[in-house]
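Below is one structure, written out as structure tokens, with a few remarks after it.
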Amino acid sequence: MKQSKIVLVTGGAGYIGSVTSKLLLENKNQVVIIDNLSSGHLEAIPYGADFFQGDIQDKKLLLKILNKYNFDCVIHFAALIRIEESTQNPKKYFDNNLCAGLTLLQTIIENSQCRKFIYSSSAAVYGKPSRIPITEDSPLQPINPYGQSKKIFELILQEYARAKLIDTIILRYFNVAGAYNTLQGCWGENHRPESHLIPLILKSVKNKKIFTIYGKNYPTPDGTCIRDYIHVYDLAQAHVLSLYKNFSGCLIYNVGIGRGYSNKEVFKTAEEVIGIKIPYKIGSPRPGDCPILIASPQKIKRELGFKPIKSDLHTIIQDAWTFYRQKN
């Protein structure tokens with residue numbers, strides 16, 4: 001039996017944060033959530049978690065929380081994630097993803113005994129990768145402000161770890177999808193606005209609208225982009241494994257499955273799951289879209305014992321569809 005931990009989860013009312021909080025609670029940990037609800041949802045907070053509504057830039061609120069709990073670990077999800085928006089308003093992304101994150105990090109170090117920090121990063125730090133599958137030592141060359149904000153905060157964490165101020169695990173997500181559906185509730189994607197492929201397909205089915213696939217001439221077998229999809233449940237399990245990892249310094253892991261699916265394969269599988277033909281059209285390629293993004297997950301499997309169990313495409317879409325029907 002693993003010893004129970006007290007965990008602060010920033011952004012715990014969001015998609016990945018809420019599922020991770022649920023699994024932490026299932027593993028008998030105490031969970032405290034801080035979320036400003038700008039993109040999270042009150043109903044997504046799992047039963048049993050303590051909740052504080054507010055922003056991680058609010059140092060007074062952070063001090064109140066740190067004075068009340070003796071945290072073993074902080075898991076930092078709270079971030080803006082829309083790539084297109086980041087190119088239109090980079091200041092917003094650097095303010096939230098960098099300045100707020102640094103306020104959180106420094107406040108923890110200066111006002112608590114907590115020295116373990118798990119960071120929600122992104123494959124966006126790789127930009128257009130020089131090789132596939134992508135390993136953790138691949139060059140970091142982000143091509144948008146969102147990716148830049150993740151890269152810079154990673155570098156800050158590495159310097160803090162090198163100075164022995166914090167021990168940190170950086171998890172670089174690939175394409176997260178699916179939902180966690182239980183007898184106690186359902187947790188899935190509910191972004192405002194939505195920008196991810198699978199929930200947008202499901203939304204097009206409900207609204208009976210033709211969906212647009214962007215680009216058909218990429219250097220892939222069917223001409224559409226290929227992505228590595230990981231089920232949100234499996235990603236949340238990676239955070240639980242990280243919580244129990246004994247280490248010092250900084251560890252970095254890709255979190256994917258090492259297999260890619262094209263946009264057309266995703267559509268075909270969605271048709272099989274839902275049982276209807278989904279109309280779509282081909283649009284112009286989106287600027288900056290990489291043809292192929294596939295993770296090498298060998299390091300996290302080897303060092304953390306990570307074993308994804310739900311990340312086949314059929315299960316991902318079936319769980320997302322179950323959630324979507326219940327919530328819409």
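The values are calculated or read from the model by the stated rules, or taken from the named source; none is laboratory data. All values reported here derive from a predicted model rather than from experimental measurement. Backbone-built Cβ (ideal geometry, glycine too); neighbour counts: all protein chains shown. For accessibility, only protein heavy atoms count, side chains too; no ligands or nucleic acids. Shrake-Rupley method; radii C 1.70, N 1.55, O 1.52, S 1.80 Å.
Consider the range 213-272 and keep the residues that are among the β-branched types (Val, Ile, Thr) and more than 22 Å from the chain's Cα centre (by Cα). The one that is farthest from residue 301 (Cα to Cα) is 213.
Looking across 311, 284, 296, one residue alone is more than 12 Å from residue 230 (Cα to Cα) and at pLDDT 90 or above. It is 296.
Within the range 112-143, work out how many residues are among the hydroxyl-bearing types (Ser, Thr, Tyr) and more than 21 Å from the chain's Cα centre (by Cα). The qualifying residues number 2. Of all residues in the range 75-99, those satisfying the criterion of being under 15 Å from the mean Cα position of the chain (by Cα) and either surrounded by fewer than 20 Cβ atoms within 10 Å (Cβ to Cβ) or among the aliphatic types (A, V, I, L, M) (or both) are 75, 78, 79, 80, 81, 82, 83. With respect to being modelled with pLDDT of 85 or more and loosely packed, with under 13 Cβ neighbours inside 10 Å, residue 221 fits the description. Scanning the range 200-238 for residues that are under 28 Å from residue 253 (Cα atoms), touching a strand residue (DSSP E or B) at 6+ places or on another chain (Cβ under 7 Å) and small (Gly, Ala, Ser) gives a single hit, 238. Across the range 129-183, the qualifying residues are those that are charged (D, E, K, R) and part of a helix (DSSP H, G or I), and the one among them that is most open to solvent (accessible area, probe 1.4 Å) is 162. In the range 100-111 there is no residue matching the filter, namely being part of a loop (DSSP other than H, G, I, E, B) and either under 19 Å from the mean Cα position of the chain (by Cα) or not charged (D, E, K, R) (or both).
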